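Enquirer: Quick one: this structure, given as structure tokens, is what I'll be asking you about.
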Amino acid sequence: MSEKNRATPLLDELDKGPWPSFVKEIKKSAETNPMARDTLGQLERSFEDKISHWKHGGLVGVMGYGGGVIGRYSDLPEEFPEVAAFHTYRVNQPAGWFYTSEVLRTLCDIWERHGSGLTNMHGSTGDIIFLGSKTEALEPCFADLTAHGFDLGGSGSDVRTPSCCVGPGRCEWACYDTLDACNDITHSYQDELHRPAFPYKYKFKFSGCPNDCVASVARSDMSIIGTWKDDIQVDQEQVQKYAADGVDIRNEICRLCPTHCIQWDGKSLDIDNSECVKCMHCINVMPKALRPGKERGATILIGAKAPIIGGALLSAVFVPFLEMKPPYEDLKELAEAIWDFWGEYGKNRERVGEFIQRVGLGNFLEEIGLEPTPEMVAHPRTNPYIFFEDELEDEDQ
Amino acid sequence: MAVAERKTDIGPPDFRQFLPPIIKKNYGTWAYHEILEPGVMVHVAESGDKLYTVRAGTPRLLSTVTIRAFAGLADKYCGGHLRWTSRHNVEFLLTDKSKIAALKEELHELGFPVGGTGNAISSIVHTQGWVHCHSSATDASGVVKAIMDELYPHFVNMNLPAKLRIAFACCLNMCGAVHCSDISVLGIHRKAPKIDHENLPKMCEIPTLVSSCPTGAIRPATIDGKQSVEVEEAQCMYCGNCYTVCPAMQINNAEADGISIWVGGKVSNARHEPMFSKLAIPFIPNNPPRWPEVVDAVVKLVNVYAENAQKHERMGEWIERIGWPRFFDITGIPFTKYHIDDFRHAGETYKRSTQLKH
């Protein structure tokens, strides 16, 4: 029962070892919070029974929003009454996950007033996760959050909380302002984020360079990945220093370049930039010597998703190069054109990547008003089953 | 609270107010960076200003007690400024190099390891598991903790051929980038859903439920005079999509559920294009609290990779060079019929050449 700590011999095994322990974290909150105490108790039961004791979420939320709260109930409510209802808030994080100690304490105060004191920093999509709220606490906690400048993120069939890499905040490779773009898009689409109206979820992720630190190409319906068009900036003196310090440039740089467009004669690095595919390898290995070019923007790719339902997909190229300047009108125009078409014809729980495969990329491009280009395919089709349009029929008539 | 006072759709707070002064000053004008030691980086701006970052691993699930402790460290060492990374690491942002050692010492005392940079294993991106999810086929935090206890030396050192990214998801929904990681640990169900015919008509919409099945295994049926569904079990691939749509389709099964392991995925474009992870081990039973068989399998994969890959080669690039037959040979992992794809477009994964090593 919730008045005292239940013995947790299985979880105590995870108190041990050098890596920081989530069990320790739950125990810290459990010292003062009965909800955290019952979380620990129920988790021990799952470890005994090898099964989850959470029931499918019901429809809960805050007034006027269709997302942002994930309903969760215990299937052992009598044994663990403090977690009988244990809903999750997705609180929209500041872009780049930057905080001050002051704002973190404010968030802690809010969460200690209304919930379990347990969080995820952060959830997989990027939100601050407040784990475990009773149903009656949802509205007051939401009011407390908005009074302190925070709002909920997305859930269900809506725009999910966009996220981005550290970008120009700390990274010399940022090819556009990921922090500003993420913040701008999030604020521009508050209605789409809070009120689910799509066939399924729609995720944005902003990575500043092709290293893709937020896994945009794998995890977002709209992947905005920084790149450049002109020449890699080279500081030959620094290249020589790397060589002197033990970097085997011929083996580690030239040989591993995917298009073999780099030559090294022992004195200077010669890059044939017209052949460069902007993979980042040489820049990653010698960050003091090489930098992305100055004509910067992003490649826009569409359609990544996890396996459910029709199999996992990586995003596919839609716009090979787009200048990324506020207010990001081209990007918004593209997103809205996609939403119009997919919103009308997508099936329930069909991600845009699956929808594109069903209708065909060629047809999809036509509907949203993009011209097909060879950058969009790994290679042209190998089968002859071409659906020619009706230009011949007209001649028959 | 009166409706008129309600604030909605204000969006997240503007990140600019939380940036430290050195970042505000040098925003977008960083020149280069160096990793000074595992978990410690310096970013040098064109102005010559230097920003030091100390990165520490966390369990992702944090109490407000610990968040307050991090806030205290940020006040003491960083003028109150810190951030988190996309892999659940916390980063302290310093301008005074001389304070790094003391900060590291305090993090060590608190139990948070400094590392995760360069050719290391960073924190495992993972999901909720039994802590908070209804469809999980395994716990997440528990397995991750057990794996990271063993891989700890690779977090605090940088001695691998390249970086190695591990991700964990507790079911096929994959609330993490599990399908494109060097090593992916994935919870899987292995039994068709158990149907609660009593409650199904009250809880679920039957046409939506029928159409939720990617293989068409669910059909409408009348059971004891009530409208319900039946499942053609031979067609079920245990994706759990029906359970997400309808709570009366219980997919969790203590005996059948467990873990699979996948290898060789990446998301970065460096050298090789991004690629999916591929199946290495189809099933390992759940064995809480420390899942020793899963931990052993992951550690072995890391060790074999570390011993055999060339410098800069990610797991997937290494396997592509040596070939899958040799991967199964040197890891000792049995190759079974389960490794051969039989979903859509499976034929694209068959080997159709004589370029084989004998």
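The values are calculated or read from the model by the stated rules, or taken from the named source; none is laboratory data. If you're wondering where the values come from, they're calculated on a predicted model, not measured in any experiment. In this analysis, Cβ positions are derived from the backbone assuming ideal geometry, glycine residues included, and neighbour counts consider all displayed protein chains.
This table checks each residue for (1) in contact (Cβ under 8 Å) with a residue 40 or more places away in the chain; (2) within 28 Å of B:VAL245 (Cα to Cα); (3) more than 32 Å from the chain's Cα centre (by Cα).
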| residue | (1), (2), (3) |
| --- | --- |
| A:ASN5 | no, no, yes |
| A:GLY58 | no, yes, no |
| A:VAL62 | yes, yes, no |
| A:TYR65 | yes, yes, no |
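Enquirer: Right, another one. Can you work out which of the residues in the stretch B:11-57 that are touching a His at 6+ places or on another chain (Cβ under 6 Å) and of a type in the set (A, V, I, L, M) is farthest from the other protein chains (Cβ to nearest Cβ)?
Expert: Keep residues of the stretch B:11-57 that are touching a His at 6+ places or on another chain (Cβ under 6 Å), which gives B:11, B:20, B:30, B:33, B:41, B:43, B:51.
Checking which are of a type in the set (A, V, I, L, M) leaves us with B:41, B:51.
Values: B:MET41: 9, B:LEU51: 6 Å.
Top of the filtered list is B:MET41.
Enquirer: Based on this model, can you work out whether B:HIS81 counts as at the interface with chain A (Cβ under 8 Å from one of its Cβ atoms) and touching a Cys at 6+ places or on another chain (Cβ under 8 Å)? Please lay out each step first, then the result.
Expert: Working: at the interface with chain A (Cβ under 8 Å from one of its Cβ atoms): yes; touching a Cys at 6+ places or on another chain (Cβ under 8 Å): no.
No: the conditions fail for B:HIS81.
Enquirer: Run B:CYS239 past the list (1) within 11 Å of another protein chain (Cβ to nearest Cβ); (2) not in a loop (DSSP other than H, G, I, E, B) and report the number of the one that doesn't hold.
Expert: (2)
Enquirer: Within the stretch A:129-159, take every residue that is free of Cβ contacts under 8 Å to residues at least 40 places away in the same chain and more than 9 Å from chain B (Cβ to nearest Cβ) and give me the one that is farthest from A:PHE80 (Cα to Cα).
Expert: Within the stretch A:129-159, the match that is farthest from A:PHE80 (Cα to Cα) is A:ASP144.
Enquirer: Determine which member of the set A:ILE309, A:ILE368 is away from chain B (no Cβ under 13 Å), in contact (Cβ under 8 Å) with a residue 12 or more places away in the chain and not basic (Lys, Arg). It would help to see each step written out before you state the result.
Expert: Working: A:ILE309 fails: away from chain B (no Cβ under 13 Å).
Step by step, each of A:ILE309, A:ILE368 is checked, and only A:ILE368 is away from chain B (no Cβ under 13 Å), in contact (Cβ under 8 Å) with a residue 12 or more places away in the chain and not basic (Lys, Arg).
Enquirer: Looking only at residues that are more than 8 Å from chain B (Cβ to nearest Cβ) and crowded, with 24+ Cβ neighbours inside 10 Å in the stretch A:104-127, which one is farthest from B:PRO59 (Cα to Cα)?
Expert: Once the filter is applied, the top-ranked residue is A:GLY115.
Enquirer: Return the residues of the stretch B:262-283 that are surrounded by fewer than 21 Cβ atoms within 10 Å (Cβ to Cβ) and farther than 28 Å from A:THR299 by Cβ; say none if nothing qualifies.
Expert: B:LEU279, B:PRO282, B:PHE283
Enquirer: Does A:GLU252 fit the bill of being surrounded by fewer than 14 Cβ atoms within 10 Å (Cβ to Cβ) and either under 24 Å from A:VAL319 (Cα atoms) or at pLDDT 95 or above (or both)? Don't jump to the end; show me each part of the working.
Expert: Details: surrounded by fewer than 14 Cβ atoms within 10 Å (Cβ to Cβ): no; either under 24 Å from A:VAL319 (Cα atoms) or at pLDDT 95 or above (or both): yes.
Answer is no for this residue.
Enquirer: Checking the structure you have, find out if any residue of the stretch A:27-36 is in a loop (DSSP other than H, G, I, E, B), at the interface with chain B (Cβ under 7 Å from one of its Cβ atoms) and in contact with a helix residue (DSSP H, G or I) (Cβ under 9 Å, 6 or more places away or on another chain).
Expert: No; the residues of the stretch A:27-36 include none that is in a loop (DSSP other than H, G, I, E, B), at the interface with chain B (Cβ under 7 Å from one of its Cβ atoms) and in contact with a helix residue (DSSP H, G or I) (Cβ under 9 Å, 6 or more places away or on another chain).
Each row is one residue, and each column tells you yes or no for (1) farther than 21 Å from B:LYS337 by Cβ; (2) modelled with pLDDT under 95; (3) polar (S, T, N, Q).
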site	(1), (2), (3)
B:ALA234	no, yes, no
B:CYS239	no, yes, no
B:CYS242	yes, yes, no
B:ILE259	no, no, no
B:PRO282	no, no, no
B:ASN287	yes, no, yes
B:ALA297	no, no, no
B:ILE319	no, no, no
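Enquirer: Could you check the stretch A:257-271 and list, in sequence order, the residues that are farther than 22 Å from B:HIS312 by Cα and touching a strand residue (DSSP E or B) at 6+ places or on another chain (Cβ under 8 Å)?
Expert: Within the stretch A:257-271, no residue meets the criteria.
Enquirer: Does any residue of the stretch B:146-156 turn out to be facing chain A (nearest Cβ under 7 Å) and within 20 Å of A:ARG349 (Cβ to Cβ)?
Expert: no
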